[in-house]
Amino acid sequence: MILKPQVNDIKNIGYYLGRIILGIGLTMLLPFIAGLVLFREHNPALDFLISANIAIFIGLALSWLCKTDNDLHAGPAMVVIALSWLAAMAFSAIPLSLSGHYKSFLDACFETMSGFTTTGLTLVQDLDHLSWTHNLWRHLGPFIGGQGIAIIAISFLVGGTSGSLNLYLGEGRDEKLVPNVMHTARFIWAISIVYLILGTIVLGLVGMSIGLKPPSAFFHAACVFMAGFDTAGFAPQSPNILYYHSLMFEIATIFFMVVGSFNFNLHYQIWTGNFKEIWKNIETRTLLFVIMIVTLITMAGLRKLGVYSDGMIIFRKGFFQLISGQTTTGYMTIYAQQFIKEWGDLALTGVILAMALGGCACSTAGGIKMLRVGIIYKAFRHDIKRIMLSPSAIVVQKFHHIKMMFVEDKQVRAVLIVTLGYFFLYGLGTLVGVWLGYPFLEALFESTSAAANVGLSCGITDTSMPAILKVTYIIEMWAGRLELISVFALFGFFVAFLKGR
């Protein structure tokens, strides 16, 4: 029998959702202040003042109407997380829609969902003339979403309750860096801000060396780092990273993409001096192995067609795109149509495989994740050993992830469920794309990019694509970022509300 949600459950959901909407409204004050004080762009700044007031008012009203002292249990927490990402998309789209650079509010919603989920697919028009204020908000989205919308709530608005832990887990994270989840959230923000400062300085100096004026160089540096470290694909100019025509800029960007795709727990180990964890961890080992495999596939495809003439061009045009896909960042040093016109099916397949598998768990990266890939491999080895050895033999399979762990059936089952869920998402977008008339491989490429939160595009993502495909990609980005579980919880909540007793 399905139990109908109680009034207290609904009040809890409303209260915590209101707090998160309040947090979204308060973050809009950052581009408002920057636009007013730093950029002297008064009309764009006004867009954010209006939007912030709307979000703050609704957030406060919802928190007041649903005021409760009850803690948030696991099921409702997942519902809050699923709804909060939709709320973040809708409220954050208001200032972008007011900018006049989006054909519709749906396009602005697509942009903000793409940003918050660190995807990077974009529907902005005339990006090269978008105000710095609105451009800053486009890049703050990935920085906020990469760390996690729940992380904001836990750090500043909710406090250290057991509901905080449930919010944290509901966002697809299952590792606490320190025993207290609130301290974990604040540590994630602390290291992210330190990296932001260092990355902005490095990219800013590189930008000045290639001729950008200091204000422009450091603005571009901050934007590119926020989107690069948080594995989104947004850039301040329409040609993306190709705009800079700089090998040093591309090398620095590759470094930040890879670092951003690492598990936050691995960052914590490095910060506390445990450098050996880099080489011992199953995720980094699996990531290195997968990069080798997809590189061989992609480079074989490019060499077969003779697309690029020498090693340096292959590195800048081929390997860059591959690493961008593997880390699920989505930065590009080629134009979208070059994937279709120049790369060929084999090279394209290599990039699709890299995007689908993705980066590390508990990071800003998307996709199936290296931890799951590593566990599936270990489980496969475990079963092979059990078949080969005598029935009386006791077979144990271990792996190192921060500490030594054993492969267990329950763990493998959970990994396989999420993995199958991702394949379902990849297939869903592909079927919709093919149904709308796009070629299969192109539809698969774009769907994988959306569901794995990558941002690479072969040209399908465009303002002219059908609204149903825009909505499909929004759903894929949302479900992929939350690793499906919170989305399932939301649908289960609605079913229970309608049919429960």
task: Would you mind stating whether residue 300 is in a helix (DSSP H, G or I) and buried (at least 17 other Cβ atoms within 10 Å of the Cβ)?
output: no
- line: Pairs returned, first residue in the stretch 49-73 that is free of Cβ contacts under 8 Å to residues at least 40 places away in the same chain, second residue that is in a helix (DSSP H, G or I) and open to solvent by 50 Å² or more (accessible area, probe 1.4 Å), beta-carbon separation under 6 angstrom, 6 or more apart or interchain, are 52/29
query: Taking residue 302, is it more than 26 Å from the chain's Cα centre (by Cα) and over 20 Å from residue 230 (Cα atoms)?
result: yes
- prompt: Condition test on residue 379, is it under 22 Å from the mean Cα position of the chain (by Cα) and surrounded by fewer than 24 Cβ atoms within 10 Å (Cβ to Cβ)?
  reply: no
task: Using the structure shown, decide if residue 24 is open to solvent by 50 Å² or more (accessible area, probe 1.4 Å) and closer than 23 Å to residue 96 by Cβ.
output: no
- prompt: Which condition breaks for residue 310 when tested against (1) surrounded by fewer than 23 Cβ atoms within 10 Å (Cβ to Cβ); (2) touching a Cys at 6+ places or on another chain (Cβ under 7 Å)?
  reply: (2)
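To keep it simple, each residue is scored yes or no on (1) in contact with a helix residue (DSSP H, G or I) (Cβ under 8 Å, 6 or more places away or on another chain); (2) closer than 23 Å to residue 482 by Cβ; (3) at pLDDT 70 or above.
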position: 155; (1), (2), (3): yes, yes, no
position: 158; (1), (2), (3): yes, yes, no
position: 174; (1), (2), (3): no, yes, no
position: 184; (1), (2), (3): yes, yes, yes
position: 193; (1), (2), (3): no, no, yes
position: 202; (1), (2), (3): yes, no, yes
field: Matching entry among 373, 396 (being open to solvent by 10 Å² or more (accessible area, probe 1.4 Å), in a loop (DSSP other than H, G, I, E, B) and more than 30 Å from residue 126 (Cα to Cα))
entry: 396
- request: Considering only the stretch 95-110, state which residues are in contact (Cβ under 8 Å) with a residue 60 or more places away in the chain, of a type outside the set (Phe, Trp, Tyr) and open to solvent by less than 50 Å² (accessible area, probe 1.4 Å).
  value: 95, 107, 109
message: Can you tell me which condition residue 333 does not meet? The list is (1) polar (S, T, N, Q); (2) open to solvent by 30 Å² or more (accessible area, probe 1.4 Å); (3) over 20 Å from residue 289 (Cα atoms), and all the others hold.
response: (2)
- request: Name the one entry in 70, 43, 53 that is touching a Lys or Arg at 6+ places or on another chain (Cβ under 8 Å) and over 28 Å from residue 364 (Cα atoms).
  value: 70
task: Just need a number here: residues in the stretch 206-219 that are closer than 16 Å to residue 131 by Cα and either polar (S, T, N, Q) or crowded, with 24+ Cβ neighbours inside 10 Å (or both).
output: 1
task: Can you run down the residue pairs with Cβ atoms below 7 Å, 6 or more apart or on separate chains, where the first is in the stretch 24-39 and more than 23 Å from residue 81 (Cβ to Cβ) and the partner is open to solvent by 50 Å² or more (accessible area, probe 1.4 Å)?
output: 32/49; 36/42; 39/132
query: Given the structure, is residue 45 in contact with a Gly (Cβ under 6 Å, 6 or more places away or on another chain) and open to solvent by less than 60 Å² (accessible area, probe 1.4 Å)?
result: yes
task: Pick out the one residue from 357, 353 that is under 30 Å from residue 482 (Cα atoms), crowded, with 20+ Cβ neighbours inside 10 Å and not acidic (Asp, Glu).
output: 357
- request: Filter the stretch 192-213 down to residues that are in contact (Cβ under 8 Å) with a residue 40 or more places away in the chain and either closer than 15 Å to residue 245 by Cα or in a loop (DSSP other than H, G, I, E, B) (or both) and give me whichever is nearest to the chain's Cα centre (by Cα).
  value: 203
task: Could you check how many residues of the stretch 9-34 are more than 26 Å from the chain's Cα centre (by Cα) and under 14 Å from residue 138 (Cα atoms)?
output: 0
- request: Look at residue 92 and say whether it is open to solvent by less than 10 Å² (accessible area, probe 1.4 Å), within 21 Å of the chain's Cα centre (by Cα) and small (Gly, Ala, Ser).
  value: yes
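So that you can scan it fast, the table gives a plain yes or no per residue for (1) at pLDDT below 95; (2) more than 27 Å from residue 184 (Cβ to Cβ):
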residue	(1), (2)
353	no, yes
366	yes, no
391	yes, yes
396	yes, yes
399	yes, no
409	yes, yes
412	yes, no
query: Can residue 240 be described as modelled with pLDDT of 95 or more, touching a Gly at 6+ places or on another chain (Cβ under 9 Å) and of a type in the set (S, T, N, Q)?
result: yes
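The values are calculated or read from the model by the stated rules, or taken from the named source; none is laboratory data. Everything numeric here is computed off the predicted structure, so don't read it as measured data. Counting neighbours? That spans all protein chains shown, and the Cβs are built from the backbone with ideal geometry, glycine included. In case anyone asks, the SASA skips ligands and DNA or RNA and just uses the protein heavy atoms, side chains included. Shrake-Rupley method; radii C 1.70, N 1.55, O 1.52, S 1.80 Å.
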